[in-house]
Structure formats: C-alpha cells, structure tokens
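Comments concern the structure below.
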Amino acid sequence: MLKINHPSETSTETLTSHENQAVDQHFNFAYLDERTKRMIRRAILKAVAIPGYQVPFGSREMPLPYGWGTGGIQVTASVIGPHDVLKVIDQGSDDTVNAVNIRRFFQRTTNVAITTQTKAATLIQTRHRIPEMALTEDQIIIYQVPVPEPMQRLEPRERETRSLHGLSEYGLMHVKLYEDIARYGHIATTYDYPVLVNNRYVMAPSPIPKFDNPKMHMNPALQLFGAGREKRIYAVPPYTSVESLGFDDYPFEIQRWDAPCEICGSRDSFLDEVVTDDQGGRIFVCSDSDYCETEQSKLEASAVSTAQLVSKDD
Amino acid sequence: MPVDTQSPILRVTGLNKSYGERAALIDASFELWPGEVLAIVGESGSGKTTLLNALAARDKPDSGSVEFHIKDSGLTDIFKMTEAQRRLLARTDWGFVHQNSADGLRMEVSAGANVGERLMALGQRHYGKIRATACDWLARVEIDPARIDDLPRHFSGGMRQRLQIARNLVTQPRLVFMDEPTSGLDVSVQAKLLDLLRQLTQHLGLASIIVTHDLAVARLLAHRMIVMRRGCIVETGLTDQLLDDPQHPYTQLLVSSVLQP
C-alpha cells in the first residue's frame, strides 16, 4: 500500500511497545487517501529542494481543529510507513493532551510502533520543542506550525511578504528585533525566533523556544514544517545552515537558568518553571521528559555503582 | 554636495497611461536636473498623481519611458530594470513622501525603527549606530530625539509628516517624490514643514518632484513648475515666471483663482 521506503527499518521491538489497539479498518493507512499523500509529498520534495521556502499545499480537513497540529499531522501521515517508530511530543513532553491524542490517532490509523524515547524514534512530531538528545540522519522531525510567515505581524499583506521573500528583502525582521531592544533593552523574542536558512530564506522556526534554535543548525535529521490552517509546508534538509538573526552589538543569545533541573540535575536542558504551592514555592524541571528520565537513570546507575564500590570497601 | 550637471537625473519621454477608455496621462515629457525642485500642479483628476506614480515606478505606464541617472551606468530606463533593482533604487536613491502619513510609516513600530528600517534593509546590523543615525535625523526634522521610542500613532499630523521625511532621507537619496506633503495640515504647521523641506532640499542638494494643488507650496519650494490638465502638460516654466505671467488660459484661470489674503 505504501510506496516510499523508509531508510531505517531496523527492529526496535525491544525499545518500543505496540499497544494492543486494533487498526481501524474504516480508514486508509494514516487516514489520508493516497492521492492526498502524494500531493503532500510533492510539496515536501519542493520544500526540501528550496530550504526555508514556504510551499503552498492543499491542506485537508482533519478530524481535529486547526491549531491542534493539523499541518504536522498531514506531513506525518504522508511520510509515515508501517515500519516507522513514532514519537509525539508537546512542549517536550510525551504525555500532554495534544501529544497523547495525536499519538492515538496514528496508532488507530497506522498501527505503527510508538515510543517515548528520542533515540528509538524514526519520526518525531513535535509541538514547541526539539528534543535535547541530538538527532541522527535516520530521523525526521516534524514541526506543527501555527504561523508560517515570520513577517506576518509587521506586514500583513501576503502578496507583499511573498515578494519580500522573493527578493530577499529582510530589513523588516530586524525592525522587529530593533523594537525589542528599544522597548526592553534586549531582544525579548523568546520563541519563534526568526532564522535565516541556507543564507537565503528567513523562516519562522515554529514556536520553539530560542534555546532550541542552535539545534536546527547543521542538524543531521530532516526537519519538516507543516501549517494546516495557513496551508504551507517548508523544510530544512539535513546539514543545512540555520542562523538566528541578531545585531552586531546585540547578538542572538539563548535562555539560561540559575538552577539545575530539580529532578535530574541537568544544567544543559530547557527548564520549565513549576509552581509547587501557594507560598511562592517553585522548582525548575526539564521540559523534555524523555531526556529527564534518561538523566535520572544515569544518576541512579552511578549511585548504585558508587554504593557497590563503598560496600566492597567495607 | 558636488552635483553633476552634465546630465539630467530624470528624463521622461512620451508617457501615456489610460484606465480603460479614459486617458489619465497623455504624452508627458520633461527632464529633471540634479538639485532641482519641480512642482506638478493642477486640479484634482488632472493626472498629477498618475504621473508621479509612473515616475516612481509604482504604476507602469502604457507607453513611454522614464530614465533615471544611476551613478555608474548613466540614464537607465526604470521599467527595463528587474523588480529587485527597482526596489533597491526605491529604498536607496529615492524617497517617497505620501500624502497620508499612515501610508508611508509603520504605525505599529517606534519612530526610531521607522527611521532605521531603510538602514536595516541595506544590511546595517549595529543597533547602536542605527539608533544614533535615527536620533540625528529626528533632530534634523525637528522632532525631539527623546521621542525616538514613541509610536507614530502618538505623534501629531505635522510630526508624522516630518517623521516620514526623516525615514526617507536617512539613506541620502538623490531624488524625492512628494505627493501633497502638506495637505491635511493646519496652516502654521504647513508653513513650518515647508520651511523644513526648503532647508533640507537646499542643504542636501536633493532633486525633488512635488505634486500639489496648492500654488503657494509650489511658489515657496519649486524652481520649476508643470501645469497639468486632463492628463496633458499644458505649460511648464520657471515658477515665478509661470505664476506671474501665465500663458495658457488654464494656468491663467488657476493662478487667478487663488485667494489673496
């Protein structure tokens, strides 16, 4: 039924779980019909060929509302094969509503293996984060995009923004950053921070925190972006330069935290602030749940081995 | 500023433009020399704005040519350039001051960003320098530099118009198009703006084309005038000469219809 071969068809059964949920026979594999998938794949191919360029496509009605990831789901549905292993994250977490529902949707319509482990996945659909663990050439990451046009808020006329892209006139993007510095004393854009892809197109990286922007640069994985409501697909092919915009005297910077993750002690990951009581108590924890668990198990392993060493010494 | 007087900065030959059956511009030809201020006057619907839009490459004429003097390659037909070249020209060597300041300004960003936009579009990437240039230009158009972070929305009509001028002049253009720059302002503000425009055009050696229906504006600013009627240029000449001794009946009518206070 499916005509594309996925590069990595390695056995992942030890790492992943097939939940016992029957495929719904009323739907085509991955919900969309084959012609639609072919249309979307053509758009994806064009997007890969022109990194950062927004390719229009015939976005379909999906059985969930716009804003819930209809673009990302259509892209995933077009590239997924029966041997893929799917991970879905929302704000870094595998168990939030959006992630759970999209995962269940694909289980019902494809019965592919699912995983929460970044390294086990061949396809990762994400909303608002890039996993902390480095991606590989065998992986595809699919972003859900609400607003694909980085200049939309300053130039609402699409006819105009298209010609600005066409002629690579990107002064406007710096106007936005200038405004930030003039108002707040620093570049206050913290998510959906504009990037220049392959030294040509300015692209909205979807609302990922700017902490994740450097991960897009020269990433070995294929990065696909789907905007369902706006009917646009764009892509960053593997090993493509992705440069975050900035000024010479106010360069691009990522967020930093004073505290480590409360649970795993990591100082390298993106931290969420969690309010713990109504007395002003708050802690910082990793937003990437899989990364946090991996770090925890490393901690435990080293604790166990230290304990063994100590007991041997006795 | 050294001015090359060997060649006109703009040469317009045989421009025609019609909207359907109606001819808006018939065989318009003239030349503009560096540092010269030219006023295009005429009543509403006489084709002034159509002519200006054709000159500034905002609207393509049906026939005829508009040649602009480019530093290295001499007179070049602007409609034979690529769109990219034209747009580069429009944001470096040209300025365009709109009648309605909201058309020429970004109302949602601060005055500083409005002035700095052209610099950033040309690749300047140093915030401090962009801001310093913006401050300098605000002062030159008599806006208090302390208001650099205010939105144009919070400016008065006259200030907005001056901000628009600063935004256009920041790249030191050689030619500025102005479409009724003073209409909609009260008389004392008009006078201040005209005074400012006269100073700036003189100091910078700017060539400019001002579309206006107000003969007083033309007399105050322009060296030369073009009188238009029903899409045709009916008379051209030195401003004072033309206003004091109009030849064409229409110009005579126009001049005599001005109220003398």
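The values are calculated or read from the model by the stated rules, or taken from the named source; none is laboratory data. Computed from a prediction, not measured in an experiment: that's the story for all the values here. In this analysis, Cβ positions are derived from the backbone assuming ideal geometry, glycine residues included, and neighbour counts consider all displayed protein chains.
Okay, residues lined up against (1) buried (at least 20 other Cβ atoms within 10 Å of the Cβ); (2) within 14 Å of another protein chain (Cβ to nearest Cβ); (3) in a loop (DSSP other than H, G, I, E, B):
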site: A:Ala188; (1), (2), (3): no, yes, yes
site: A:Leu224; (1), (2), (3): yes, no, no
site: A:Tyr234; (1), (2), (3): yes, no, no
site: A:Phe247; (1), (2), (3): yes, yes, yes
site: A:Pro251; (1), (2), (3): no, yes, yes
site: A:Gln279; (1), (2), (3): no, no, yes
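Specify the residue that is modelled with the lowest pLDDT; the eligible residues are those in the stretch B:169-200 that are crowded, with 22+ Cβ neighbours inside 10 Å, within 27 Å of B:Ile130 (Cα to Cα) and not hydrophobic (A, V, I, L, M, F, W, C).
B:Pro181
If you check A:Pro63, A:Pro51, which single one turns out to be out of contact with any helix residue (DSSP H, G or I) (no Cβ under 7 Å at 6 or more places or on another chain), modelled with pLDDT under 95 and part of a loop (DSSP other than H, G, I, E, B)? Spell out the reasoning first.
On the way: A:Pro51 fails: modelled with pLDDT under 95.
Just a single option satisfies the conditions, and that option is A:Pro63.
Quick check: is even one residue across the stretch B:115-136 more than 9 Å from every other protein chain (Cβ to nearest Cβ), without any contact (Cβ under 8 Å) to a residue 40 or more places away in the chain and under 20 Å from B:Gln99 (Cβ atoms)?
no
Scanning the stretch B:87-101 for residues that are touching a residue at least 12 places away in the same chain (Cβ under 8 Å) and of a type in the set (A, V, I, L, M), which turns out farthest from the other protein chains (Cβ to nearest Cβ)?
Going residue by residue through the stretch B:87-101, those that are touching a residue at least 12 places away in the same chain (Cβ under 8 Å) are B:89-101.
Of the ones still in play, those that are also of a type in the set (A, V, I, L, M) are B:89-90, B:97.
Values: B:Leu89: 12, B:Ala90: 11, B:Val97: 19 Å.
The extreme case among them is B:Val97.
With the structure loaded, tell me whether B:Ile148 is touching a residue at least 12 places away in the same chain (Cβ under 8 Å) and within 28 Å of A:Val202 (Cβ to Cβ) or whether it fails that test. I'd like the intermediate steps shown before the answer.
Details: touching a residue at least 12 places away in the same chain (Cβ under 8 Å): yes; within 28 Å of A:Val202 (Cβ to Cβ): yes.
So B:Ile148 passes the test.
Evaluate the stretch B:204-212: report whether one residue or more is within 18 Å of B:Thr50 (Cα to Cα) and either more than 15 Å from the chain's Cα centre (by Cα) or surrounded by fewer than 17 Cβ atoms within 10 Å (Cβ to Cβ) (or both).
Initial filter on the stretch B:204-212 (within 18 Å of B:Thr50 (Cα to Cα)): B:208-212.
Filter again for either more than 15 Å from the chain's Cα centre (by Cα) or surrounded by fewer than 17 Cβ atoms within 10 Å (Cβ to Cβ) (or both), leaving none.
No, every residue in the stretch B:204-212 fails to be within 18 Å of B:Thr50 (Cα to Cα) and either more than 15 Å from the chain's Cα centre (by Cα) or surrounded by fewer than 17 Cβ atoms within 10 Å (Cβ to Cβ) (or both).
Within the stretch A:154-169, track down each residue that is within 8 Å of chain B (Cβ to nearest Cβ) and touching a residue at least 12 places away in the same chain (Cβ under 8 Å). Give the steps one after another, and end with the answer.
Just the residues of the stretch A:154-169 that are within 8 Å of chain B (Cβ to nearest Cβ), to begin with: A:154, A:163, A:167, A:169.
Listed by number, the list holds a single entry, A:Leu154.
So for the stretch B:189-198 (the condition being at negative phi and either in contact (Cβ under 8 Å) with a residue 60 or more places away in the chain or within 14 Å of another protein chain (Cβ to nearest Cβ) (or both)), does at least one residue qualify? Steps first, answer last, please.
Filtering the stretch B:189-198 down to residues at negative phi leaves B:189-198.
Adding the requirement that they be either in contact (Cβ under 8 Å) with a residue 60 or more places away in the chain or within 14 Å of another protein chain (Cβ to nearest Cβ) (or both) leaves none.
No, every residue in the stretch B:189-198 fails to be at negative phi and either in contact (Cβ under 8 Å) with a residue 60 or more places away in the chain or within 14 Å of another protein chain (Cβ to nearest Cβ) (or both).
Suppose the filter is in contact (Cβ under 8 Å) with a residue 24 or more places away in the chain and within 17 Å of B:Val97 (Cβ to Cβ); does B:Ile226 pass it? Spell out the reasoning first.
Working: in contact (Cβ under 8 Å) with a residue 24 or more places away in the chain: yes; within 17 Å of B:Val97 (Cβ to Cβ): no.
When the stated conditions are applied, B:Ile226 does not pass them.
Hey, does the stretch B:72-86 have a residue that's away from chain A (no Cβ under 14 Å), in contact with a Gly (Cβ under 8 Å, 6 or more places away or on another chain) and surrounded by fewer than 22 Cβ atoms within 10 Å (Cβ to Cβ)? Explain how you work it out, then say what you get.
From the stretch B:72-86, those away from chain A (no Cβ under 14 Å) are B:72-80; that's our starting set.
Now drop any that are not in contact with a Gly (Cβ under 8 Å, 6 or more places away or on another chain), which leaves none.
Scanning the stretch B:72-86 turns up no residue that is away from chain A (no Cβ under 14 Å), in contact with a Gly (Cβ under 8 Å, 6 or more places away or on another chain) and surrounded by fewer than 22 Cβ atoms within 10 Å (Cβ to Cβ).
Taking helices (runs of 4 or more DSSP H) that fall entirely within the stretch B:33-108, which contain at least 3 residues that are in contact with a strand residue (DSSP E or B) (Cβ under 7 Å, 6 or more places away or on another chain)? Full working, then the answer.
On the way: elements: B:48-55, B:83-92, B:101-104.
Passing ranges, in order: B:48-55.
Determine, yes or no, whether A:Ile233 is over 21 Å from A:Thr76 (Cβ atoms) and among the β-branched types (Val, Ile, Thr).
Values: over 21 Å from A:Thr76 (Cβ atoms): no; among the β-branched types (Val, Ile, Thr): yes.
Judged against the criteria, A:Ile233 is not a match.
Looking at A:Tyr193, A:Tyr143, which one is closer than 30 Å to A:Lys119 by Cα, more than 13 Å from chain B (Cβ to nearest Cβ), part of a loop (DSSP other than H, G, I, E, B) and not polar (S, T, N, Q)?
Residue meeting the stated conditions: A:Tyr193.
Answer yes or no as to whether A:Phe211 is under 19 Å from A:Val55 (Cβ atoms), away from every other protein chain (no Cβ under 14 Å), of a type in the set (Phe, Trp, Tyr) and within 14 Å of the chain's Cα centre (by Cα). Quick ask: steps written out before the conclusion?
Numbers: under 19 Å from A:Val55 (Cβ atoms): no; away from every other protein chain (no Cβ under 14 Å): yes; of a type in the set (Phe, Trp, Tyr): yes; within 14 Å of the chain's Cα centre (by Cα): yes.
Criteria not met by A:Phe211.
Tell me, yes or no, whether the stretch B:147-160 has at least one residue that is in contact with a Gly (Cβ under 8 Å, 6 or more places away or on another chain), farther than 20 Å from B:Ala90 by Cβ and part of a loop (DSSP other than H, G, I, E, B).
Going through the stretch B:147-160, the residues in contact with a Gly (Cβ under 8 Å, 6 or more places away or on another chain) turn out to be B:148-149, B:157.
Okay, now just the ones that are also farther than 20 Å from B:Ala90 by Cβ, so B:148-149, B:157.
Now narrow it down to the ones that are part of a loop (DSSP other than H, G, I, E, B): B:148-149.
Yes, the conditions are met somewhere in the stretch B:147-160.
Find the residue count for the stretch A:114-140, including only residues that are not in a loop (DSSP other than H, G, I, E, B) and not β-branched (Val, Ile, Thr). Please lay out each step first, then the result.
Pass one, the stretch A:114-140, residues not in a loop (DSSP other than H, G, I, E, B): A:114, A:123-127, A:140.
Adding the requirement that they be not β-branched (Val, Ile, Thr) leaves A:123, A:125, A:127.
Residues flagged as not in a loop (DSSP other than H, G, I, E, B) and not β-branched (Val, Ile, Thr) within the stretch A:114-140 amount to 3.
Are any residues in the stretch B:56-103 under 17 Å from the mean Cα position of the chain (by Cα) and aromatic (Phe, Trp, Tyr), and if so, which ones?
Answer for the stretch B:56-103, where residues must be under 17 Å from the mean Cα position of the chain (by Cα) and aromatic (Phe, Trp, Tyr): B:Phe68, B:Trp94, B:Phe96.
Taking only the stretch A:170-186 into account, find how many residues are touching a residue at least 40 places away in the same chain (Cβ under 8 Å), in a helix (DSSP H, G or I) and more than 8 Å from chain B (Cβ to nearest Cβ).
Residues meeting the conditions: 2.
Search the stretch A:89-121 for residues being of a type in the set (Val, Ile, Thr) and touching a Gly at 6+ places or on another chain (Cβ under 9 Å), and hand back the single one that is nearest to A:Asp290 (Cα to Cα).
Filtering the stretch A:89-121 down to residues of a type in the set (Val, Ile, Thr) leaves A:89, A:96-97, A:100, A:102, A:109-110, A:112, A:114-116, A:118.
Narrowing the set further to residues that are touching a Gly at 6+ places or on another chain (Cβ under 9 Å) leaves A:102, A:110, A:112.
Values: A:Ile102: 18, A:Thr110: 24, A:Val112: 20 Å.
This residue is A:Ile102.
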